1. Name the lysines eligible as straight-distance cross-link partners of K298: C-alpha to C-alpha under 24 Å, and not fewer than 8 places from it in the same chain.
2. With Rg and the Kirkwood Rh both taken from Cα atoms, where does Rg over Rh land for region 71-209?
3. Region 103-156 to region 11-64: how many Å between their Cα centroids?
4. Taking region 56-96, which chymotrypsin sites (Phe, Trp or Tyr not before Pro) meet the DSSP loop condition and have no more than 14 other C-beta atoms within 10 Å?
5. Sorting check: for 204-217, 167-180, which peptide has the highest mean count of neighbouring beta carbons within 10 Å, and how do the rest follow?
6. With +1 on the Cβ of every Lys and Arg and -1 on the Cβ of every Asp and Glu, and nothing else charged, how large is the dipole of region 44-152 about its Cα centre, in debye rounded to the nearest 20?
7. Output the antiparallel fraction of DSSP beta bridges having both residues in the chain, as a percent to the nearest 5.
8. Using the eigenvalues of the Cα gyration tensor, what equivalent ellipsoid semi-axes result for the chain when each is taken as the square root of five times the eigenvalue, whole Å, largest first?
Amino acid sequence: MKPFLSNVAIVGASGLVGSTLLELLEKRNFPIKHLRCFASSNSQGKTCTFKNKMIPIEVLSTDAFANIDLAFFCTEATISKAFVPAALNQGAKVIDCSSYYRLDPNIPLIVPEITLDFTHQLVASPNCIATIISLILAPLNRAFGIKRVIATTYQAASGGGRPAMSHLIEETRAQLLNQPFTNPYYPFQYAFNVFLHNSTFYQDGYVEEEKKIIEETKKILRHPTLLITATSVRVPVLRCHSVSLNIECNSPPIDARAVLICAPGVKVVDPPQFPMPIDAEGKEEVFCGRIRTDISQKNTLEIWVVGDQLLKGAALNAVQIAECWIQNFT
Ligand SMILES: NC(=O)c1ccc[n+]([C@@H]2O[C@H](COP(=O)([O-])OP(=O)(O)OC[C@H]3O[C@@H](n4cnc5c(N)ncnc54)[C@H](OP(=O)(O)O)[C@@H]3O)[C@@H](O)[C@H]2O)c1
């Protein structure tokens with residue numbers, strides 16, 4: 001192990017991505033000499049557990065990164081904007097799970113199964129559902145060339161962080177007990193309902209999440225001319241995002257199943273089974289099924305995909321990037 005990766009910081013350690021990342025670092029025996037956990041003042045006095053040790057959660061500050069070799073940022077874009085420069089200035093390598101740097105042309109956007117880049121001190125880990133989609137599209141693009149994609153997503157509550165998950169749980173409980181629900185995180189009823197992704201609306205009618213899927217997928221695949229559109233929906237599922245993909249290829253996608261079976265990080269589920277969020281929860285692979293030819297258009301596939309967005313869509317992807325860095329430098 002090289003010493004430059006031994007002192008590790010997790011920013012946002014109390015959140016869903018940060019705590020999942022902490023579990024993965026322990027489970028995968030990631031080489032760590034000293035671990036520091038940071039969050040907001042809300043978590044002051046709280047601790048994280050790592051390898052049976054209590055790690056205090058510290059309040060994030062700009063001088064937090066002295067002697068830190070690797071910092072995972074698992075916070076909102078505004079926090080990355082404010083604190084990643086400090087981490088870089090203090091010499092840390094940074095893997096940012098927020099959206100802040102993802103579309104910066106100078107910052108690599110990495111899914112290790114698809115692209116790797118060891119030349120930058122800072123890399124971005126993509127949007128959760130863009131990662132899941134890209135794992136399916138990359139091998140198909142290599143095999144057949146992809147011209148156009150229509151992605152319709154069914155996104156779980158945990159994609160919106162801990163407060164979103166609490167909204168779904170507490171509102172469902174209140175509805176079933178016929179009690180009032182007074183602490184909504186979303187401006188819509190979430191229990192027993194679906195609603196369009198509530199990120200910022202753009203003038204062209206798309207929401208921010210849909211734009212992230214479109215632009216990040218093109219960047220991950222290094223396919224700037226890809227025609228891709230998306231509709232993002234929140235569904236009352238706690239964990240794991242699903243997506244229906246309609247994929248128009250340049251050449252006949254003969255035996256797409258065989259291509260996907262060989263794809264790293266992908267597991268094919270054959271009929272009569274099909275992937276479901278409850279089966280994908282806690283699993284590292286992205287599951288795809290119902291692979292079929294679109295009867296309405298030539299050279300076009302229909303595929304149903306489900307993945308644990310807290311794992312491959314966020315924390316696992318970040319840890320895999322760090323593991324690749326270690327392998328490259330040892
Ligand atoms: N959830 C997903 O499926 C997913 C997938 C891919 C990427 N992401 C991205 O990952 C990031 C984290 O998402 P999440 O779902 O883990 O959110 P979350 O559960 O709401 O956690 C947010 C974390 O940020 C911390 N934080 C908030 N304000 C802070 C501040 N001023 N200084 C330091 N820390 C602060 C929180 O600390 P306190 O607890 O102390 O407030 C908490 O640890 C976001 O950028 C999100 O877009 C999420």
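The values are calculated or read from the model by the stated rules, or taken from the named source; none is laboratory data. Treat the numbers as computed from the prediction; the structure is a model and nothing was measured. Note that we place each Cβ from the backbone using ideal geometry, even for glycine, and neighbour counts take in every protein chain shown. Note: areas computed on protein heavy atoms with side chains; ligands, DNA, RNA excluded. Shrake-Rupley method; radii C 1.70, N 1.55, O 1.52, S 1.80 Å.
1. Answer for K298, where 24 Å is the Cα cut-off: K147, K218, listed by chain and number.
2. 1.04
3. 27
4. Taking region 56-96 and a limit of 14 other Cβ atoms within 10 Å, no loop chymotrypsin sites (Phe, Trp or Tyr not before Pro) are found.
5. By packing density, highest mean first, the sequence is 204-217, 167-180.
6. For this selection, approximately 360 debye.
7. 50
8. Three semi-axes, in Å: 32, 26, 18.
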